[in-house]
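One structure, as structure tokens, below. Some questions next.
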Amino acid sequence: MRFFVTGEQNRQLLINTLILLFLGYVALLWLSNGLMYFHKMSLSGDSVLAYYLGDEAQFTQPKSYQSLLEVTHFHLFAMGMLVLTLTHLMLMTDLPTPAKVWLSVVIYFAAIADEAAGWLVRYAHPYFAYFKIAAFLLLETSLLALIVIVALSLLQARKRAR
């Protein structure tokens, strides 16, 4: 009865809808992230090296310190907020606690690894190109997993509420 007096049932549906809309927005971000990656590079080590170290045949310069710093500065904040938000939403799902912990650790590692990988390719060793590819794939996979898990949980909650 309290839910009807306080209007809680309407707020739950509204919150559910707003989060689903947010997840749609994040899905577009996920898609554009993949498209941007594949616009610049492929899943080959040579393409990653050409992007970060430059390529004389394509007349491209190595990524500068300032360029990497600007991208990293923005991404650390934006990805941190996105990962925090998605993992927070995941906490409210029925996923078992060990899976929540595991997925949280994986996505934070993937986000940091993806940022660090460009620096490592540019300034540490070219073999880190493969680390960059793996970090990108892990980040995209873990982001998609969180989007799907939270969305399915919200859709199940809608079915139960009917």
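Assess whether Y37 counts as being in contact with a Phe, Trp or Tyr (Cβ under 9 Å, 6 or more places away or on another chain) and closer than 25 Å to S142 by Cα.
yes
Kindly provide the set of residues from the range 13-33 that are surrounded by 15 or more Cβ atoms within 10 Å (Cβ to Cβ) and either more than 20 Å from T93 (Cα to Cα) or among the charged types (D, E, K, R) (or both), ordered by number.
Passing the criteria: W30, N33.
Moving on to the next point. List every residue pair whose Cβ atoms lie under 7 Å apart, where the two residues are 6 or more positions apart in sequence or sit on different chains, the first residue falls within the range 82-108 and is closer than 16 Å to L18 by Cα, and the second residue, located anywhere, is charged (D, E, K, R) and assigned to a helix (DSSP H, G or I).
Listed pairs, sorted by first residue: M90/K100.
Quick check, is S142 closer than 26 Å to D46 by Cα, in contact with a helix residue (DSSP H, G or I) (Cβ under 8 Å, 6 or more places away or on another chain) and not in a loop (DSSP other than H, G, I, E, B)?
Working: closer than 26 Å to D46 by Cα: yes; in contact with a helix residue (DSSP H, G or I) (Cβ under 8 Å, 6 or more places away or on another chain): yes; not in a loop (DSSP other than H, G, I, E, B): yes.
The answer is yes for S142.
Might you let me know whether the range 110-133 holds any residue that is at pLDDT 95 or above, open to solvent by less than 90 Å² (accessible area, probe 1.4 Å), farther than 30 Å from D46 by Cβ and hydrophobic (A, V, I, L, M, F, W, C)?
For the range 110-133, residues at pLDDT 95 or above, open to solvent by less than 90 Å² (accessible area, probe 1.4 Å), farther than 30 Å from D46 by Cβ and hydrophobic (A, V, I, L, M, F, W, C): absent.
Shifting gears a bit: Looking at A78, is it small (G, A, S), in contact (Cβ under 8 Å) with a residue 12 or more places away in the chain and open to solvent by less than 90 Å² (accessible area, probe 1.4 Å)?
In short, no.
Let me ask you something else. Keeping to the range 138-152, report how many residues are surrounded by fewer than 22 Cβ atoms within 10 Å (Cβ to Cβ) and in contact (Cβ under 8 Å) with a residue 60 or more places away in the chain.
Summing the residues that are surrounded by fewer than 22 Cβ atoms within 10 Å (Cβ to Cβ) and in contact (Cβ under 8 Å) with a residue 60 or more places away in the chain in the range 138-152 gives 4.
Please determine whether any residue of the range 82-91 is open to solvent by 80 Å² or more (accessible area, probe 1.4 Å) and modelled with pLDDT of 95 or more. Full working, then the answer.
Residues of the range 82-91 open to solvent by 80 Å² or more (accessible area, probe 1.4 Å): 84, 88, 91.
Filter once more, keeping what is modelled with pLDDT of 95 or more: 84.
Taking every residue of the range 82-91 in turn, at least one turns out to be open to solvent by 80 Å² or more (accessible area, probe 1.4 Å) and modelled with pLDDT of 95 or more.
Could you give me the residue pairs with C-beta distances under 6 Å whose first residue belongs to the range 125-137 and is closer than 18 Å to P62 by Cβ and in contact (Cβ under 8 Å) with a residue 40 or more places away in the chain, whose second residue is open to solvent by less than 70 Å² (accessible area, probe 1.4 Å) and among the small types (G, A, S) wherever it lies, and which are 6+ apart or on separate chains?
From residues that are closer than 18 Å to P62 by Cβ and in contact (Cβ under 8 Å) with a residue 40 or more places away in the chain, the pairs are A129/G45; K132/A117.
The values are calculated or read from the model by the stated rules, or taken from the named source; none is laboratory data. If you're wondering where the values come from, they're calculated on a predicted model, not measured in any experiment. Backbone-built Cβ (ideal geometry, glycine too); neighbour counts: all protein chains shown. Remember, those area values only see protein heavy atoms, side chains included, never the ligands or the DNA or RNA. Shrake-Rupley method; radii C 1.70, N 1.55, O 1.52, S 1.80 Å.
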